Amino acid sequence: MAAFLRFRFLGVVLFHALFLSLFPAAVAAPGAARVRFEVRPDPALESTNLSGRLVLVFARTNSPEPIEQIGEPSWNGPFLAGVDTLGLSQRRPAQVLDGATTFPGASLADLPPGRWWVQAVLMTNRDLRLLDAPGNLVSQPELLDVDPRRAETRKFTLSRALPPESLPPDTDRVKHLRFPSPSLTAFHGRPMFLRASVVLPRTFNSEPTRRYPLVVDIGGFGSRHDRFDRALREGSKLRGELDASDTPQMILLALDGAGPSGDPYQINSDNHGPYGDALIRELIPHVEHAFRGIGQPWARFTTGGSTGGWVSFALQVLYPDFFGGCWSGFPDGVDFRAHQLVDIYRDTNAFVNVAGFERPSARTLLGDTKFTIRFEVALENVLGDGGSYANGGGQWGSWNAVYGPRGSNGRALPLWDPRSGRIDPKVAETWQRYDLRLQLERNWATLGPKLRGKIHIWVGEADEYFLNNAVHLLDDFLRKTDPPAEAEIRYGPGKGHGWNPESFVERLKRMQAVVDAGAPKQTAASRDDYFRNRFLHGGTCPHCKGGR
């Protein structure tokens, strides 16, 4: 039998060698691409900023445009190629050659020959790390026959800049803000803004002296601030629920999930800057003054899911005296011993586990792998400056920009190597500042009394991104704290990412119970003022000196 297997193996090798000698182009070796792509700006655009990350998108259809088809990593999605550019001009076009960072293939040689809709985008917007950010330059999609093995040059023109930023029109219930931030402006050295939307309670206009609690709402990864526009259109389910007579009347502040290096997670960081202080010291006081907020900690809450789950919990932990409670669903990793499936302190590689198997990044409810961490990071590498996910604005890149240190080149230092996945233990150590379970454990003597009864977290036990693992680690700690945490952590057996044990309105009712219980604990003046606002609709804002 062994002799037969050796003979069979030898036969396979000889056949393979003969096949390659007769058809050398049938198998593309790495680095074998001969095609060249050149990208120039339209002469009318040469006076604009022409430096940034350039991405070529190859899509099978043009509906929507290729750059709008980039989503979750998939073998069936667009093929991407990215390079850095500096000072692009007619005389100095960008060259996209073999050696460009690509996805899903390892090089341009892996681009399947055939007909592709091709579009180029140059990301020039320094404030919003988005392919469709205002001011980015794009080419018109072109249908081309492309063969990476054919020696030819294909030329593209960046013919238009995406429209400048403009806020959606206000409605009777939703007001949009582009709020200038002094602290972020000082950090970045250029004018910086916080984008947000304010959802007004049903009685806001009919009861002009009434004041309201504030709920800070944070969406999932990359959610924009205008997400309530559609949700609150006339006749929508949510509007009907918020307008019900028994629904608590509160101001909703929707934050924006776009920043210079991806989602800023609404906290202070080395790379994004002081987003947390800008929110707490600038935006929220402005909103409470302009839209008649009560302006007291017992009348401020945070809530959100996924990214919003982590942010809402982090804001409560980092600013324990400012908020009266967090309602945080399926949060991103609240314990970095379970950063999805990676223990950043003990593991040596993010892409493979100790047994050498590829780590999933997402799973189906039935447990099948949707895509691996290596595969997802490869997509983000295309979008990131220097070919690194750490500066690309995707999910893993946003975590790096928020949690990690800033390198000497001004870019976020990656937790692990973009291509090998090897973890840098020195960078992992700096992440401890944002390990929420670790910070609670180290500072519980101070934080514990301030957070007692304020923490409400829920997660599905079959969360697609394995976020339930970190919640269990947090739960293990909170169950043993002294003083007691009195935290509420709920699990959904068999439930996936996005599971909620109660409706949004039910959540508001529980917040209102905190308001009603908290108000009498204030000074007599504050207590009387609150109940006048709630029941008699009179008085002045306890937060603002002589304000509305």
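Values in this text are rule-based calculations from the coordinates and carry no lab data. On a predicted model such as this, the values are computed, not experimentally measured, just so you know. Using ideal geometry, Cβ is built from the backbone for each residue, glycine included, and neighbour counts are taken over all protein chains shown.
Given the C-alpha centroids of the stretch 276-330 and the stretch 164-226, what is the distance between them in whole angstrom?
Centre-to-centre distance over Cα atoms comes out at 13 Å.
Each label point is 7 Å from the Cα along the Cα-to-Cβ direction; what then is the distance between the points at residue 42 and residue 409, in nm?
Placing both labels 7 Å along Cα→Cβ, they lie 3.3 nm apart.
Can you tell me the FRET efficiency between residue 245 and residue 190 if r is taken as the Cβ-Cβ distance and R0 is 51 Å, rounded to the nearest 0.05?
E(calc), rounded to 0.05, equals 0.60.
For the stretch 204-278, state which trypsin sites (Lys or Arg not before Pro) are in a DSSP loop and have at most 13 other beta carbons lying within 10 Å of their beta carbon.
Values: sites: 210, 211, 224, 227, 230, 233, 237, 239; in loops: 210, 211, 224, 233.
Those that pass, being in a loop and sparsely packed, are 233.
Go ahead and run the numbers for FRET between residue 89 and residue 430, Cβ-Cβ distance against an R0 of 30 Å, rounding to 0.05. Working shown, then result.
On the way: r = 39 Å, r/R0 = 1.30.
The formula returns an efficiency of 0.15 here.
Residue farthest toward the positive end of the dipole of the chain, with Cβ of Lys/Arg at +1 and Asp/Glu at -1: which of 499, 469, 255?
Of the options given, the answer is 255.
Counting other C-beta atoms within 10 Å, and keeping those with at most 12, which DSSP coil trypsin sites (Lys or Arg not before Pro) do you find in the stretch 394-501?
On the way: sites: 406, 411, 419, 422, 426, 433, 437, 442, 450, 452, 454, 479, 480, 490, 495; in loops: 411, 419, 452, 454, 479, 480, 495.
Sparse-neighbourhood loop trypsin sites (Lys or Arg not before Pro): 479, 480.
Given Cβ point charges of +1 (Lys, Arg) and -1 (Asp, Glu) and nothing else, what value in debye, to the nearest 20, does the dipole of the chain about its Cα centre take? The partial results should precede the final answer.
On the way: 64 positive and 60 negative charges, 79 e Å.
Around 380 debye, computed over the chain.
In the stretch 100-171, which trypsin sites (Lys or Arg not before Pro) are in a loop and have at most 16 other Cβ atoms within 10 Å, using DSSP for the loop call? Before the final figure, lay out the partial values.
Working: sites: 115, 126, 129, 149, 150, 154, 155, 160; in loops: 126, 129, 149, 150.
Hits after loop and neighbour filter: 126, 149, 150.
Positive end of the dipole of the stretch 337-434, charges at C-beta (+1 Lys, Arg; -1 Asp, Glu), about the Cα centre: which of 366, 410, 377 has its Cα farthest in that direction?
410
Hey, for a label at residue 115 modelled as a point 7 Å past Cα toward Cβ, could you say which residues of the stretch 139-176 have their backbone N under 14 Å away?
Under cut-off, by backbone N: 142-146.
How high is the relative contact order of the stretch 337-434, in percent, with contacts defined as C-alpha pairs under 8 Å that are six or more residues apart?
On the way: 165 pairs, mean separation 22.1, N = 98.
For the stretch 337-434, the relative contact order is 23 percent.
Counting only C-alpha contacts under 8 Å and six or more residues apart, can you give the relative contact order of the chain as a whole percent? Numbers along the way, then the final one.
Values: 1213 pairs, mean separation 68.9, N = 548.
Averaging sequence separation for qualifying contacts and normalising by length gives 13 percent for the chain.
From Cα coordinates alone, what are the radius of gyration and Dmax values for the stretch 337-434 in angstrom?
According to the Cα coordinates of the stretch 337-434, Rg and Dmax are 13.0, 44 Å.
Relative contact order of the stretch 215-327: what whole-number percent is it, with Cα pairs under 8 angstrom and at least 6 residues apart? Mind dumping the intermediate values first?
Working: 166 pairs, mean separation 37.0, N = 113.
Contact order relative to length: 33 percent.
Nearest 5 is fine: what % of DSSP beta bridges in the chain come out antiparallel, could you say? Let's see the in-between values first.
Numbers: 52 of 81 bridges.
Percentage antiparallel, nearest 5: 65.
So which of 175/509; 175/237; 450/495 end up more than 27 Å apart, counting from Cα to Cα? Show your work: numbers first, answer last.
On the way: 175/509 23 Å; 175/237 20 Å; 450/495 32 Å.
The answer is 450/495.
If you take every residue apart from residue 62 with its C-beta less than 13 Å away from the C-beta of residue 62, what net charge results, scoring Lys and Arg +1 and Asp and Glu -1? Could the numbers behind the result be given before it?
Values: positive: 60, 115; negative: 65, 68, 142.
For residues surrounding residue 62, the net value is -1.
Just the Cα atoms of the stretch 275-324: what Rg and Dmax do they give in Å?
10.8, 30
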